[in-house]
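Engineer: Below are the structure tokens for one structure; questions will follow.
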Amino acid sequence: MTPPVKAVPELRLGFIGHGRHARANLYPSLALAGARLACIATRDEQAARAAANAHGAGSGYGDHRQMLAQEALDAVFVSVAPEDQAGIAEDCLKAGAHVFVEKPLGLDEADARRVAATAQRYGRQVMVGFMKRHAPAYRKLAEVIADSRNFGRVLSFNGFFAFSPWTDTLRDDTYLKFGAVHIIDLVRHLFGEVTEATGFRNSRDADISMALALRFDSGAVGNLTLAAAPSWSREQEELTVTGQHGFVRTENLTTVAHHHARPSGPAEPWQGLHEDTVVLKSANSPASGGHQDLYLRGFAGEVAHFLDAVRHGEAPVGSAADNVATMALCDTILRLPHH
């Protein structure tokens, strides 16, 4: 006789923040995951009550500390101003809740270490919103390079990330930690910890330009070109990874092409059809709004992953402790020469 499946209790979830990013990406992803919010907190109580009504939450609060004190929450989503996120995440941990917090978690390595220590002290999980880890294109890339028999050892990579500045006050530190940090975290996720970082910065005011060379403990080496300039009126991101027996390339989250060079047989490879390249494409494009965007860019995946981790008592991918190394690498890059 098949034993009955144990029901997973519904989580009591809170949300702190109701800004543009949260409204466009996180609240809809929670709805796609079938999650129900118990409460919402913003800086204005009237706005919080309106948000709670809009999202089907039971109550709204003008102070997140009051919400944490009055509601018995299993987990809290935090998406507020970057300079406030570390402190609010710690408040949630001290109240006994697991935390999903938008990037950046802390403005430097020291902030990141403090939150990681708090999470360990209170025995709660923290997941940082590095959604590119959960984007289907990069998940497929990770699958391809993990196939050591067909792909071989990862040798090198070349990455590019650029967009138009979102403000004329943008500078290297805000560009890196509020935008390009996603790519910095992604290469750590794919290739391991960085043992050496070199390169140059050639930024002028809000026109950002960085050329980086990275060496990883896995033995892989790679280049990253990071830019922000009005010329890039549309966001562009590319990543090509070279292995011993193949290469894989992603572009703009919609295309993954992986090529495998087959060993030669009786004839030389060029004498026949011995190699193959598989090209995978999405049915939709990212940054177009709607559910396509939420899935392709990884928002739906990251939210579902966090909820599953909390339900099953597992550590999520992209923890507070893992975030320390990402923020430390950002700090290292910002110390590189500026020309």
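The values are calculated or read from the model by the stated rules, or taken from the named source; none is laboratory data. Treat the numbers as computed from the prediction; the structure is a model and nothing was measured. When we count neighbours, we look across all protein chains shown, and the Cβ atoms used for this are built from the backbone with ideal geometry, even at glycine.
Engineer: Looking at region 170-219, which of the residues that are aliphatic (A, V, I, L, M) and touching a residue at least 60 places away in the same chain (Cβ under 8 Å) is surrounded by the most Cβ atoms within 10 Å (Cβ to Cβ)? Break it down into steps so the answer makes sense when it comes.
Structural biologist: From region 170-219, those aliphatic (A, V, I, L, M) are 170, 176, 180-181, 183-184, 186-187, 190, 194, 197, 206, 208, 210-214; that's our starting set.
Those left that are additionally touching a residue at least 60 places away in the same chain (Cβ under 8 Å): 176, 181, 184, 194, 197, 210, 212.
On the way: Leu176: 23, Val181: 22, Ile184: 27, Val194: 21, Ala197: 16, Met210: 23, Leu212: 23.
Among those residues, the one meeting the criterion is Ile184.
Engineer: For region 103-117, give me the residue count where each residue is assigned to a loop (DSSP other than H, G, I, E, B) and surrounded by fewer than 24 Cβ atoms within 10 Å (Cβ to Cβ). Reasoning before the result, please.
Structural biologist: The first filter runs over region 103-117 and keeps only residues assigned to a loop (DSSP other than H, G, I, E, B), leaving 103-108.
Still in the running and surrounded by fewer than 24 Cβ atoms within 10 Å (Cβ to Cβ): 103, 107-108.
Total meeting the criteria: 3.
Engineer: Let me ask you something else. Which of (1) part of a loop (DSSP other than H, G, I, E, B); (2) on the phi < 0 side of the Ramachandran plot; (3) in contact (Cβ under 8 Å) with a residue 60 or more places away in the chain; (4) not acidic (Asp, Glu) is the odd one out, the single condition Ala57 does not satisfy?
Structural biologist: In the conditions (1) part of a loop (DSSP other than H, G, I, E, B); (2) on the phi < 0 side of the Ramachandran plot; (3) in contact (Cβ under 8 Å) with a residue 60 or more places away in the chain; (4) not acidic (Asp, Glu), Ala57 misses (3) alone.
Engineer: Pull up region 140-167, narrow it to residues that are part of a helix (DSSP H, G or I) and free of Cβ contacts under 8 Å to residues at least 40 places away in the same chain, then point me to the one that is nearest to Glu102 (Cα to Cα). Steps first, answer last, please.
Structural biologist: Just the residues of region 140-167 that are part of a helix (DSSP H, G or I), to begin with: 140-146, 148-151.
Going one step further and asking which of them are free of Cβ contacts under 8 Å to residues at least 40 places away in the same chain, we end up with 143, 146, 148-149.
Working: Glu143: 25, Ala146: 28, Ser148: 33, Arg149: 37 Å.
It comes out as Glu143.
Engineer: Which of the following residues is closer than 27 Å to Ala110 by Cα, in a helix (DSSP H, G or I) and either modelled with pLDDT under 95 or of a type in the set (D, E, K, R) (or both): Asp331, Asp308? Don't jump to the end; show me each part of the working.
Structural biologist: Details: Asp308 fails: closer than 27 Å to Ala110 by Cα.
Just one listed residue meets the conditions, Asp331.
Engineer: Still on this structure, I have one more. Specify the residue that is surrounded by the most Cβ atoms within 10 Å (Cβ to Cβ); the eligible residues are those in region 308-322 that are out of contact with any Phe, Trp or Tyr (no Cβ under 8 Å at 6 or more places or on another chain) and closer than 17 Å to Lys132 by Cα. Spell out how you get there, then give the answer.
Structural biologist: If we filter region 308-322 for residues that are out of contact with any Phe, Trp or Tyr (no Cβ under 8 Å at 6 or more places or on another chain), which is where we start, we get 308-315, 317, 319-322.
Subsequent filtering for residues that are closer than 17 Å to Lys132 by Cα retains 317, 319-320, 322.
Numbers: Val317: 16, Ser319: 18, Ala320: 29, Asp322: 20.
So the residue we want is Ala320.
Engineer: In region 170-202, what residues are under 23 Å from Glu109 (Cα atoms) and outside any helix (DSSP H, G or I)? Let's see the steps before the verdict.
Structural biologist: The first filter runs over region 170-202 and keeps only residues under 23 Å from Glu109 (Cα atoms), leaving 170-201.
Those that are under 23 Å from Glu109 (Cα atoms) and outside any helix (DSSP H, G or I): Leu170, Arg171, Gly192, Glu193, Val194, Thr195, Glu196, Ala197, Thr198, Gly199, Phe200, Arg201.
Engineer: Just one of Thr195, Thr225 is of a type outside the set (A, V, I, L, M) and farther than 21 Å from Asp173 by Cβ; which is it? Spell out how you get there, then give the answer.
Structural biologist: Working: Thr225 fails: farther than 21 Å from Asp173 by Cβ.
Exactly one of Thr195, Thr225 is of a type outside the set (A, V, I, L, M) and farther than 21 Å from Asp173 by Cβ, namely Thr195.
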